Amino acid sequence: MALHEGPEKKDERPMSVNPFFGQANPVAEMTEAPPKHRLPDSPLPPNTAAQLVHDELMLDGNSRLNLATFVTTWMEPQAGDLMAECRDKNMIDKDEYPRTAELERRCVAMLADLWNAPDPAAAVGCSTTGSSEACMLAGMALKRRWAKRNADRYPAARPNLVMGVNVQVCWEKFCNFWEVEARLIPMEGDRYHLDPQAAAELCDENTIGVVGILGSTFDGSYEPIADLCAALDALQERTGLDVPVHVDGASGGMVAPFLDEDLVWDFRLPRVASINTSGHKYGLVYPGVGWALWRDGESLPDELVFRVNYLGGDMPTFALNFSRPGAQVVAQYYTFLRLGREGYRAVQQTARDVATALADRIEALGDFRLLTRGDELPVFAFTTAPGVESYDVFDVSRRLRECGWLVPAYTFPPNREDLSVVRIVCRNGFSHDLADLFVDDLTRLLPELRRQPHPQTRDKAAATSFHH
């Protein structure tokens, strides 16, 4: 969550209230303009308060045209109705809302089966507020397992976590908050994610685990999870080090099972101890809900689990967050029932078809070079082609925003800081028709961009508010 500071000016101009906001008589019922940064002294009529908020929100971007976010921006009205029924139910109150708790349990069981747990009945898991919390929980379990195995050396020894430099920022937060050394594998050449052999070489007796990303946010590519596990198997044969793998499937965990069934990345690999995904990404649910699953009870140390009285029985819980609404979990169960395997396959295949077709059309314009084509995650990245010197990707992002499209441009991390790209995320609801409109707008902008004397970007770090 972003941190905010107070206003620079103490006595800022109050909010403006339109006289027509009066319920009956615009003059008689005109309300004193409320302040912006302190509580008003008196109440407002509900319609007036609602209209003030509504007017301010009009300046937000259109979420359906946001090609930066992985988060679901459209659901069926029936899902919205169910969420409205459950928004006042606190998920933590298992004994008060037993059916909501049961739906959460069923979702965990469905994911354990989907991800090929050796014994789905033995797998353990929970819902979270999103993949960030799920990753924190998975990291905590990895650290605690390592600490128990190294009780004679810990806390003197400092634990470390190995991962590619392309990981989502939540992993950097985990390492900071839980005092774990982050060992990051840089990008090299055309490799934009983790290298399995390089990961194995960074492991030592203090490594709590290696994180593999099934769907990098930088370019939409899958990391080679099976190759990573094989490299760690070879490491164990040479040194005896047994390093577990956590798969961050924030996006790919709900794409690969339906579109890439022959890809082995999940609990079929014995070294994979845990997996997370975002229900609110390609799980097709409004934010925020995530899921964390462990192969079995041994993968999740029991001392991390809290137990609450649940209908006179025992309900184990594992979470960083406490109170949160049950609406998103109910919506996830609805979506699982609504779509099933075939429905998910159809939705994700459509998203991939849109992504690959759009990537081909952008490449055909001649001004851009594709890094990925949207054939793994329905996500692709591209940069300007050699010889294009009058504009850069930040100019493209800025000009597309004028047409309503929110498209991120950003610079890659070490060792490819020289590479700046535009990235497009294709989600359910971004149709072939919308893709046509996007290409039309981009094509219309190109002549103006080509006429620029030079790129307009002065500070790449400030050129976009998008960060991983």
Region 354-408: C-alpha pair distances exceeding 16 Å, %: 46
Alpha carbon centroid spacing (whole Å) that separates region 49-108 from region 378-393: 36
5 angstrom amide H check on Gly130, placed H, neighbours 5+ away: Gly290
Burial order of peptide ranges 328-336, 51-59 (average beta-carbon count within 10 Å, highest first): 328-336, 51-59
Percentage, to the nearest whole number, of Cα pairs in region 113-162 over 19 Å apart: 47
Global geometry of region 38-88, whether rounded, prolate or oblate, following the gyration tensor of its Cα atoms and the 1.5 cut on a/c: oblate
Length-normalised contact order for region 295-441 - Cα pairs under 8 Å, 6+ apart - percent: 18
Accessible-area order (highest first, 1.4 angstrom probe) of the listed residues Leu137, Leu371: Leu371, Leu137
Region 91-196 - accessible surface per residue (Å², probe 1.4 Å): 43
Added length on full extension, which subtracts the Cα-Cα distance from 0.36 nm per residue, Leu202 to Arg401: 67.5 nm
Accessible surface of the chain [probe 1.4 Å, protein heavy atoms]: carbon and sulfur percent: 52
Residues whose placed amide H lies under 5 Å from that of Arg369, excluding near-sequence neighbours: Thr383, Thr384, Ala385
Probe 1.4 Å - accessible area at Cys107, Å² to nearest ten: 0
In sequence order, calculated HN-Hα J values of region 267-278 (Karplus, 6.51, -1.76, 1.60; Hz; x Gly/Pro): 5, 5, 8, x, 7, 6, 8, 7, 9, 10, 8, 9
FRET efficiency estimate (nearest 0.05) - Cβ-Cβ, Val308 to Leu241, R0 25 angstrom: 0.10
Label-point gap, in nm, between Met110 and Ala122 - each point 7 angstrom along Cα→Cβ: 2.5
Compactness of region 340-468 as Cα Rg over 2.2 N^0.38 Å, two decimals: 1.08
Phi to ³J(HN,Hα) by Karplus 6.51 cos²θ - 1.76 cosθ + 1.60 over region 392-400, Hz, x for Gly, Pro: 10, 5, 6, 5, 4, 4, 5, 5, 5
Computed label-point distance, nm, for sites Arg450 and Arg268 using a 7 Å Cα→Cβ extension: 4.7
Count, lysine Cα pairs under 22 Å in the chain, 8 or more residues apart or across chains: 4
Signed unit charges on C-beta, dipole axis of region 35-189, positive-most listed residue Gly139, Thr128, Ala112: Gly139
Listed residues Trp178, Pro453, Ala199: farthest to the positive end of the dipole of the chain (Cβ charges): Trp178
Fully extended contour minus Cα-Cα distance, from Phe177 to Asp81, at 0.36 nm per residue: 30.8 nm
Kirkwood hydrodynamic radius of region 107-240, Cα pairs, Å: 16.0
Residue order for His37, His193 - accessible surface, 1.4 angstrom probe, largest first: His37, His193
Region 311-370, accessible area per residue, ligands and nucleic acids excluded (1.4 Å, Å²): 45
Value in Å of the Kirkwood radius, where the chain supplies the Cα pairs that are averaged: 24.4
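The values are calculated or read from the model by the stated rules, or taken from the named source; none is laboratory data. This is a predicted model, so every value here is computed, not measured. FYI the Cβ positions are ideal-geometry reconstructions off the backbone, even for glycines, and counts take in every protein chain you see. Calculation scope for accessible area: heavy atoms of the full protein, side chains included, ligands and nucleic acids excluded. Shrake-Rupley method; radii C 1.70, N 1.55, O 1.52, S 1.80 Å.
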